[in-house]
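Chemist: Let me give you the structure first, and then I'll get to my questions.
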Amino acid sequence: MTRIHRRPRIAICGMAIESSTFSPHRSGWEAFTLLRGNELVRRYPFLRDGTALRREAEWVGILRAGALPGGAVPADVYETVRTEIGLALEAQGPFDGVLLEIHGAMAVLGYTDAEADLARAVRAAVGPDCLVSASMDLHGNVSRDLAATVDLIACHRTAPHEDEDEARERAATDLLRRADGAGRPRKAWVQVPVLLPGERTSTRQEPAKGLYEDVARVGTLDGVLDASVWVGYAWADEPRCRAAVVVMGDDDAVISREAERLARRYWDARAEFGFVAPAGSYEECLRAVRASDARPFVLSDTGDNPMAGGAGDVTWTLARLLAEPAFATPPADGGRSAIYAALPDADAARTVAAAGVGATVEVAAGARVDDGPHGPVTLRGVVEHVRADDPLAGIVCVVAVGGLRVVLTERRRAYHLESDFTAIGLDPRGTDVVVVKIGNLETELYEMAEDWMLMLTPGGVDQDPRRLRHTGLGGPVWPFDDDAAFGDGPDLTPELL
């Protein structure tokens, strides 16, 4: 590759969202934050002013459209972003490289492999000589089309994600190393016909823990530039949805051998992947809560987790909590305390906020987007807190219904940190039961919980994807198909790209 500039000139662009095709939610413009120019460049800690990587290249922020997980993206939103990225790359080029930030599980209405389509648009804009490095989430999908279109590709190695910035830095560093004259590496790519929820593939426990330690070791071998394993995304119904392995480098024999070995290790361990925490039905979880002195006892309302693509406003669990005798009265009157975080409903949140702190309210809320599992619930209680300026949720209200505090929000958001609760007057550490719409607990909540269970609830990100009835995987894919469908086992021979 011939260097265009004395320092490499690297563009940054992308569109990143995780989308459930089983959720009726649609991720329109309101879901996305758009960053351009230096605001985009400085988003990355490793590219802030004075950092080594910032000095090594000229970084040009083109456009990044990023959103919380949700439902599918309307085609016009995606196509507008794609067009702006392509035109800006053409207008501001030429470039030596592109850092393409994608998730890998973006569903766009009318498309079955949106990230590959975006990568092709980027390639068309920058030409065949520019190196394109894709930074991805390990819960994304890597089709052959995507792997062949980009020159370098890498993903996180921890779930829950504690290495997002490190993974992006790795993708940027790999790009700089190859843009410095070494040129394109070879890629050994293979898909593994296994598709599991992230809550079954946590790197906090085996077999994923050891597998990803092995991935990191492979990345240091002679002849290898980098190695990645993708779990895939279980809540979309597309042919690309399955696990994948890519090992990059300059020694065909080494990268092929290691890619096949990692793929085989993943396949062989498929039945060993278990939930990251004890899991059970609503009834089983509540029995455990009643029998426990742990405080707080955290329950993950997994089926409608907005951070996995759920609509966020499914009321199935909340309806049951509101009817639960244990929470009917406050602890001072012999009941137990609980927090439910959270239920988005813009109209209900505005109504409660207008009533004000101290008011007694009765309002129907939730199930405006996803009413499949249950319809709206009626909140009858006292307003204990109102916040009008939450940067993610907008209006946030806390309504006390007996011993249960319901967090009602104007917009979808997840509650991961202690400060998320204390900012609205809640004390999660001093509460008996904290119910959050999440799967894997993020680090701070995980460390706070004295006990924890995954509540297996319905919704667009159901922890048993077989109940969602996939039809578009182009199978067979385990566990949707049993072992007999694979005969003597799948062909895990990598393809060199």
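The values are calculated or read from the model by the stated rules, or taken from the named source; none is laboratory data. Remember, it's a predicted structure, so these values are computed and weren't measured experimentally. We place every Cβ from the backbone using ideal geometry, glycine too, and count neighbours over all the protein chains shown. Ligands, DNA and RNA are excluded from the accessible area calculation, which covers all protein heavy atoms including side chains. Shrake-Rupley method; radii C 1.70, N 1.55, O 1.52, S 1.80 Å.
Chemist: Which order do Asp174, Asp237, Asp129 take by accessible area at a 1.4 Å probe, largest first?
Modeler: Asp129, Asp237, Asp174
Chemist: Mind listing the phi-derived Karplus ³J(HN,Hα) values for the stretch 245-262, rounded to whole Hz, using 6.51, -1.76 and 1.60 with θ = phi - 60°, and x for any glycine or proline?
Modeler: Karplus values, whole Hz, x for Gly and Pro: 10, 9, 10, 10, x, 10, 10, 4, 5, 5, 5, 5, 4, 6, 5, 5, 5, 5.
Chemist: Can I ask one more? Name the residue farthest towards the positive end of the dipole of the chain from the options Leu100, Ala400, Ala159, assuming +1 on Cβ of Lys and Arg, -1 on Cβ of Asp and Glu, about the Cα centre.
Modeler: Leu100
Chemist: Something else: Which value, in debye to the nearest 20, gives the size of the charge dipole of the stretch 100-176 about its Cα centre, when Lys and Arg are +1 and Asp and Glu are -1 at the Cβ?
Modeler: 300 debye
Chemist: Quick one: which residues, 5 or more positions from Val434 or on another chain, have an amide H under 5 Å from its amide H? H modelled 1.01 Å from N in the peptide plane, none for Pro or chain starts.
Modeler: Under 5 Å from the amide H of Val434: Phe297, Val298, Leu299, Ile339.
Chemist: Give the distance, in whole Å, between the Cα centre of the stretch 350-401 and the Cα centre of the stretch 141-157.
Modeler: 42 Å
Chemist: For the stretch 293-308, just list the computed ³J(HN,Hα) in residue order, Karplus coefficients 6.51, -1.76 and 1.60, θ = phi - 60°, integers in Hz, with x standing in for Gly and Pro.
Modeler: 9, 4, 8, x, 9, 9, 10, 8, 7, 6, x, 10, 4, x, 7, 10
Chemist: Per-residue accessible area for Arg217 at 1.4 Å probe radius, Å² rounded to 10?
Modeler: Counting only protein heavy atoms, the figure is 110 Å².
Chemist: Please report the base-10 log of the normalised intensity I(q)/I(0) for the chain, using a Debye sum with one equal scatterer per alpha carbon and no solvent, at each q in 0.06, 0.07, 0.09 (1/Å).
Modeler: The calculated log intensity ratios at q = 0.06, 0.07, 0.09 Å⁻¹ are -0.29, -0.39, -0.64.
Chemist: Considering only protein heavy atoms, with the full assembly of protein chains and a 1.4 angstrom probe, order Thr149, Thr493 by accessible area, largest first.
Modeler: Thr493, Thr149
Chemist: While we're looking at this one, here's another question. Shape call for the stretch 108-255 from the C-alpha gyration tensor, a ≥ b ≥ c root eigenvalues: rounded (a/c under 1.5), prolate (a/b greater than b/c) or oblate?
Modeler: Oblate, because a/c is 1.5 or more while a/b does not exceed b/c.
Chemist: Considering only the other residues whose Cβ falls under 13 Å of the Cβ of His416, what net charge follows from Lys and Arg at +1 and Asp and Glu at -1?
Modeler: Here the count lands on -4.
Chemist: Please list the three semi-axes, largest first and in whole Å, of the ellipsoid equivalent to the stretch 168-275, using sqrt of 5 times the eigenvalues of its alpha carbon gyration tensor.
Modeler: One finds semi-axes of 26, 14, 13 Å for the stretch 168-275.
Chemist: I need the semi-axes of the equivalent ellipsoid of the stretch 275-338: take the C-alpha gyration tensor, multiply each eigenvalue by 5, square-root it, list largest first in whole angstrom.
Modeler: Its equivalent ellipsoid spans semi-axes of 22, 15, 10 Å.
Chemist: Just the C-alpha atoms of the stretch 233-331: what Rg/Rh do they give, with Rh taken as the Kirkwood radius?
Modeler: 1.17
Chemist: Taking K and R as +1 and D and E as -1, what net charge do the other residues with C-beta under 12 Å from the C-beta of Glu30 add up to?
Modeler: +2
Chemist: Given 37 °C and 0.692 mPa s, compute D for the stretch 1-92 with the Stokes-Einstein relation, Rh being the Kirkwood radius over Cα pairs; round to the nearest whole µm²/s.
Modeler: Once the numbers are plugged in, D ends up at 224 µm²/s.
Chemist: Let me ask another. Could you give the angle, 0 to 90 degrees to the nearest 10, between helix 164-177's Cα long axis and the longest principal axis of the Cα atoms of the chain?
Modeler: The angle comes out at about 10 degrees.
Chemist: Give me the percent of DSSP beta bridges within the chain that run antiparallel, rounded to the nearest 5.
Modeler: Restricted to the chain, the bridges split so that about 45 percent are antiparallel.
Chemist: Could you tell me how many degrees, from 0 to 90 and to the nearest 10, lie between the Cα long axis of helix 75-92 and the main elongation axis, the longest principal axis, of the Cα atoms of the chain?
Modeler: With rounding to tens, the tilt is 40 degrees.
Chemist: Here is a follow-up. What shape does the stretch 324-381 have by the C-alpha gyration tensor, where a ≥ b ≥ c are the square roots of the eigenvalues, rounded means a/c under 1.5, and otherwise prolate means a/b greater than b/c and oblate the rest?
Modeler: Here the stretch 324-381 falls in the oblate category.
Chemist: Report D for the stretch 364-486 in µm² per second (integer): Stokes-Einstein, Kirkwood Rh on Cα pairs, 10 °C, 1.306 mPa s.
Modeler: Roughly 92 µm²/s, to the nearest whole number.
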